[in-house]
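The values are calculated or read from the model by the stated rules, or taken from the named source; none is laboratory data. Fair warning: this is a prediction, and the values are worked out from it, not measured in the lab. Cβ atoms come from the backbone with ideal geometry, glycine included; neighbour counts cover every protein chain shown.
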Amino acid sequence: MNQIEPKLEEALSKVLVPGTMRSLVQMNLVRSAEVKDGEAKINLASTAIPAEHHGWLRDKVAAAISERSEVKAVTIDFVEAKPKELNQIGKIIAIMSGKGGVGKSLVAGLLATSFARDANHVGVLDADITGSSIPKMFGLNARPSGSDTGILPILSRSGIEIMSMNLLLPSEDEAVIWRGPLMSKAITQFWEEVLWGRLDYLIIDLPPGTGDAPLTVMQAIPISGVIDVFTPQELTEMIVKKAVKMAQKMNVRVLGVVENMSYLVLPDTGQKLEVFGKSKGVEMAKASGAPLLGRLPIDPELAKLCDEGQIERYSSDAVSKLSTNTLAALSEKN
């Protein structure tokens, strides 16, 4: 990438990309921006921006740059670039589980929300092609926009970028009846053809099990680490070990484990009732060779907010602890 002068970058950070509420700088579309002899020369990637919006964007950029006193003229050129060449992502966390129904997507949504609440730029790649639930949790039903050069993710209420197969279907209850190779191809496209831009964290919600889709993610995407989600029920250790061994065989770091539905807090007494039996958090941490990042309770309020598409409104001490422990695990050296 060529030179981008800080003062020009500041001006361009106020210009929003059509189809999203993020700026040219946040989407990393500014390829170069410099002033020489009073003339500002700006190169922008046209990735995911339909041709009919180029003129509008050119006018907005010219107006923003012209506010600089040292700028007497502005030249704006569009250049081609692939989304994967533009995406700059700090940490990529995959959420996995050995079986379905343990709340893997819930953990993905809660982590994304918690990270975003701390002023981070966050995205969620919903790789659970046949069982997408992320859009429902965030109350999203708009179709992604873009062009033949790339796709723009949908922004949640708090600014989390989200891409999911359910956002591309005619209706959210439409069944996706695909074999493994097709699902793997879709996941690869979500990684390579979606313009994520600059993100501090990308959370990937993996499908359950150890099949083609999780394998594709671990092979094709530079994952910083995986989190294994489980519930305190029988056969837990065997299921967790399978998921952990898959990650280890793919040379992907296991950040830790999360026990969901760990207990229910009785409203009258505050007592923790272990509905599904005694917690296996410590045992599973030992079995995985990674820390127990958190124990999430059964919370009727959280279930209600998810059903209403309002997961971003939820906060709790348990989620805050999960977020803090996950960041601590990410910062540790292998």
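Could we say that VAL252 is out of contact with any Ser or Thr (no Cβ under 7 Å at 6 or more places or on another chain) and in contact (Cβ under 8 Å) with a residue 60 or more places away in the chain here? When the stated conditions are applied, VAL252 passes them. When GLY289 is tested against (1) under 26 Å from LYS91 (Cβ atoms); (2) in contact with a Pro (Cβ under 6 Å, 6 or more places away or on another chain), only condition (2) is not met.
Checked against the criterion of being free of Cβ contacts under 8 Å to residues at least 60 places away in the same chain and under 24 Å from ILE92 (Cβ atoms), the candidates LYS278, LYS245 yield just one match: LYS245.
Search segment 118-154 for residues being under 20 Å from LYS91 (Cβ atoms) and hydrophobic (A, V, I, L, M, F, W, C), and hand back the single one that is nearest to the chain's Cα centre (by Cα). Here the residue is VAL124. Which of the residues that make up segment 79-103 are modelled with pLDDT under 95 and touching a Ser or Thr at 6+ places or on another chain (Cβ under 6 Å)? Of everything in segment 79-103, just one residue is modelled with pLDDT under 95 and touching a Ser or Thr at 6+ places or on another chain (Cβ under 6 Å), namely VAL102. The listed residues are GLY109, GLY159, and the only one of them that is in contact with a helix residue (DSSP H, G or I) (Cβ under 8 Å, 6 or more places away or on another chain) and at positive phi turns out to be GLY159. Within segment 101-156, if we keep just the residues that are of a type in the set (Asp, Glu) and surrounded by fewer than 20 Cβ atoms within 10 Å (Cβ to Cβ), the residue that is farthest from ILE203 (Cα to Cα) turns out to be ASP148.
Of note, GLY256 satisfies the criterion of being closer than 27 Å to LEU215 by Cβ, in the same structural domain as VAL229 (by TED's automatic domain parsing) and touching a Pro at 6+ places or on another chain (Cβ under 6 Å).
Only one of the numbered conditions (1) touching a strand residue (DSSP E or B) at 6+ places or on another chain (Cβ under 9 Å); (2) under 30 Å from TRP191 (Cα atoms); (3) in contact (Cβ under 8 Å) with a residue 24 or more places away in the chain is not met by TYR314, and that is (1).
Taken together, the residues in segment 286-306 that are touching a helix residue (DSSP H, G or I) at 6+ places or on another chain (Cβ under 8 Å) and without any contact (Cβ under 8 Å) to a residue 12 or more places away in the chain amount to 1. Picking from residues in segment 266-314 that are of a type in the set (S, T, N, Q) and over 26 Å from ILE162 (Cβ atoms), the one that is surrounded by the fewest Cβ atoms within 10 Å (Cβ to Cβ) is THR269. Within segment 16-39, the set of residues being small (Gly, Ala, Ser) and either over 16 Å from GLY123 (Cβ atoms) or surrounded by fewer than 16 Cβ atoms within 10 Å (Cβ to Cβ) (or both) comprises SER32, ALA33, GLY38.
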